[in-house]
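Asks: Here it is, the structure in full.
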């Protein structure tokens, strides 16, 4: 059974996190949410989303238990504050590079695509929320498509594209038949 690690921080966009998590679970993917805190303050193990909804992650983020030997996919949702916290962490940046080096999937949605930049990924196609486009378009082949696939890097635009993003992840992890099955649930 495929597995996915989904990062979350204070300020993560709720739809991008929950739609992705829920869609993957419906496809039979084992998911674990991991709370990434900023270095200044560790809040209680409840992430306060970008719209104020509290989400209880499964674990605190620790790089030792987050590697591609344990999961088939690493997912980074957006939300300006959450994406900033996640993308600025050097241990997350190392993890992004390690997943891709091991031919595992890395999904980034909305401002979560900033992690491609901070991780020093090579120039390749990607997309993001329009609010971070200017930071990315010089370093990547920028697209305004709702979901962009570049080898094992899957990026998407924002909350309105969370379902196509999640369904593409299902397809890549579980196959096109499972995607069709989940799409009609």
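Asks: Among the residues of segment 162-180, count how many are under 13 Å from residue 28 (Cα atoms), free of Cβ contacts under 8 Å to residues at least 40 places away in the same chain and in a helix (DSSP H, G or I).
Replies: 2
Asks: What's the number of the condition residue 103 fails, among (1) on the phi < 0 side of the Ramachandran plot; (2) over 12 Å from the mean Cα position of the chain (by Cα)?
Replies: With (1) on the phi < 0 side of the Ramachandran plot; (2) over 12 Å from the mean Cα position of the chain (by Cα) applied to residue 103, the lone miss is (1).
Asks: List, please: which pairs have Cβ atoms under 7 Å, are six or more places apart or on different chains, and start with a residue in segment 63-80 that is touching a residue at least 12 places away in the same chain (Cβ under 8 Å) and end with one that is part of a loop (DSSP other than H, G, I, E, B) and exposed (fewer than 14 other Cβ atoms within 10 Å of the Cβ)?
Replies: 68/102
Asks: Report, by residue number, each residue of segment 100-115 that is surrounded by fewer than 24 Cβ atoms within 10 Å (Cβ to Cβ) and not in a strand (DSSP E or B). I'd like the intermediate steps shown before the answer.
Replies: Taking segment 100-115 and keeping what is surrounded by fewer than 24 Cβ atoms within 10 Å (Cβ to Cβ), we get 100-105, 114.
Within segment 100-115, 100, 101, 102, 103, 104, 114 meet the criteria.
Asks: To continue, here is another question. If you check 118, 30, 23, which single one turns out to be modelled with pLDDT of 95 or more, surrounded by 14 or more Cβ atoms within 10 Å (Cβ to Cβ) and more than 28 Å from residue 134 (Cβ to Cβ)?
Replies: 23
Asks: Moving on. For the subset of segment 145-161 comprising residues that are touching a strand residue (DSSP E or B) at 6+ places or on another chain (Cβ under 7 Å) and outside any loop (DSSP other than H, G, I, E, B), which member is surrounded by the most Cβ atoms within 10 Å (Cβ to Cβ)?
Replies: The selected residue is 156.
Asks: Still on this model: Among the residues of segment 123-144, count how many are in contact with a helix residue (DSSP H, G or I) (Cβ under 9 Å, 6 or more places away or on another chain) and either in a loop (DSSP other than H, G, I, E, B) or modelled with pLDDT under 95 (or both).
Replies: 7
The values are calculated or read from the model by the stated rules, or taken from the named source; none is laboratory data. Quick caveat: nothing in here was measured; it's all calculated off a predicted structure. Cβ coordinates were reconstructed from backbone atoms using ideal geometry, including for glycine residues, and neighbour counts include every protein chain displayed.
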